[in-house]
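Colleague: Below you will find the structure I want to go over with you.
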Amino acid sequence: MLTLGVNIDHTATIRQARRTVEPDPIAAAVLAELAGADGITVHLREDRRHIQDRDVGLLRQTVRTHLNLEMAPTAEMVAIALEVKPDYVTLVPERREEVTTEGGLNLLADRDRYAQIVDRLQSEGIPVSWFIDSDRAQIEAAAQTQAQFIELHTGKYADAEGEISRAQELKILAEGCEIALSLGLRVNAGHGLTYWNVYPVGCIPGMEELNIGHTIVSRAVLVGMERAVREMKLAMRGEL
Ligand code: PXP
């Protein structure tokens, strides 16, 4: 069955805009789970621009579904993962100057080190997922590291303009999924998925989990706006 991992990073982005305590991503995770989220995903970035170490520790104690920790394949992050013990780790490329994760990891670049990281985490019972583009060489390299999962980067599909190029990108994702499954990998996908483009990706046979963040937090801000304003009017009258 297709599952949804809700990425709550951007609730923390709003909090960090003021370096205050609201909205608390822990509360967002609880509400997401009450609404049916199958998992909670957070990206602990090297620059700590949104999710903080405190959030990851508290989420480990409070998440009742599963916690997917996205992180760069660095010594610092591996040490944190070994301590926090998320239900699985998704390894992503990270550049400080990027607005968001802009492409999949290049697993061909540093194969031995990547295989060692997988071994270190999986031998402690933390399954690893590689965030990669839907490319045969990358998928084969992921399988060679013995990782249990890959997450296919859906950014090109999401950015495709026009029906033809969107259909082409969808086909590339479906082919990648098929290759990965044939190599014994489990397959997730994510990045740039929205209420308007998600359905065809979820229909790819064998697709397991979609990790979705920005569009959900964006909608939450809008669907909550009327109630939030009404409640402020009550608060101003001392009636809340
Ligand atoms: N999956 C991975 C590996 C990501 O890095 C991100 C972005 O943090 C997502 C999924 C979620 O992407 P979006 O916020 O565009 O839904």
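The values are calculated or read from the model by the stated rules, or taken from the named source; none is laboratory data. This one's a predicted model, so the numbers in the text were calculated from it and none came from an experiment. In this analysis, Cβ positions are derived from the backbone assuming ideal geometry, glycine residues included, and neighbour counts consider all displayed protein chains. These area figures cover heavy atoms from the full protein model, side chains too; ligands, DNA and RNA do not enter into them. Shrake-Rupley method; radii C 1.70, N 1.55, O 1.52, S 1.80 Å.
Colleague: Any idea which residue in segment 182-196 is nearest to VAL89 (Cα to Cα), counting only those that are away from the ligand (no atom under 16 Å from the Cβ) and open to solvent by 70 Å² or more (accessible area, probe 1.4 Å)?
Modeller: Selected residue: LEU183.
Results for (1) within 30 Å of GLU33 (Cα to Cα); (2) assigned to a loop (DSSP other than H, G, I, E, B), shown as yes or no for each residue.
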{"site": "LEU58", "(1), (2)": "yes, no"}
{"site": "THR65", "(1), (2)": "yes, yes"}
{"site": "GLU76", "(1), (2)": "yes, no"}
{"site": "LEU82", "(1), (2)": "yes, no"}
{"site": "PRO86", "(1), (2)": "yes, yes"}
{"site": "PRO93", "(1), (2)": "yes, yes"}
{"site": "GLU102", "(1), (2)": "yes, yes"}
{"site": "ALA109", "(1), (2)": "no, yes"}
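Colleague: Kindly evaluate ILE51 against the criterion of being within 12 Å of the ligand (Cβ to nearest atom) and either assigned to a loop (DSSP other than H, G, I, E, B) or basic (Lys, Arg) (or both).
Modeller: Yes, satisfied.
Colleague: Which one of the conditions (1) more than 13 Å from the chain's Cα centre (by Cα); (2) outside any helix (DSSP H, G or I) does ILE117 fail to meet, given that it meets all the rest?
Modeller: Result: ILE117 passes all but (2).
Colleague: Give the residues of segment 197-207 that are within 13 Å of the ligand (Cβ to nearest atom) and either touching a residue at least 24 places away in the same chain (Cβ under 8 Å) or open to solvent by less than 30 Å² (accessible area, probe 1.4 Å) (or both), sorted by residue number.
Modeller: ASN197, VAL201
Colleague: Taking the criterion of being touching a helix residue (DSSP H, G or I) at 6+ places or on another chain (Cβ under 8 Å), part of a loop (DSSP other than H, G, I, E, B) and open to solvent by 80 Å² or more (accessible area, probe 1.4 Å), would at least one residue in segment 158-177 satisfy it?
Modeller: Scanning segment 158-177 turns up no residue that is touching a helix residue (DSSP H, G or I) at 6+ places or on another chain (Cβ under 8 Å), part of a loop (DSSP other than H, G, I, E, B) and open to solvent by 80 Å² or more (accessible area, probe 1.4 Å).
Colleague: If only one of ARG227, ARG219 is open to solvent by 40 Å² or more (accessible area, probe 1.4 Å), of a type in the set (Lys, Arg) and more than 15 Å from the ligand (Cβ to nearest atom), which one is it?
Modeller: Just one listed residue meets the conditions, ARG227.
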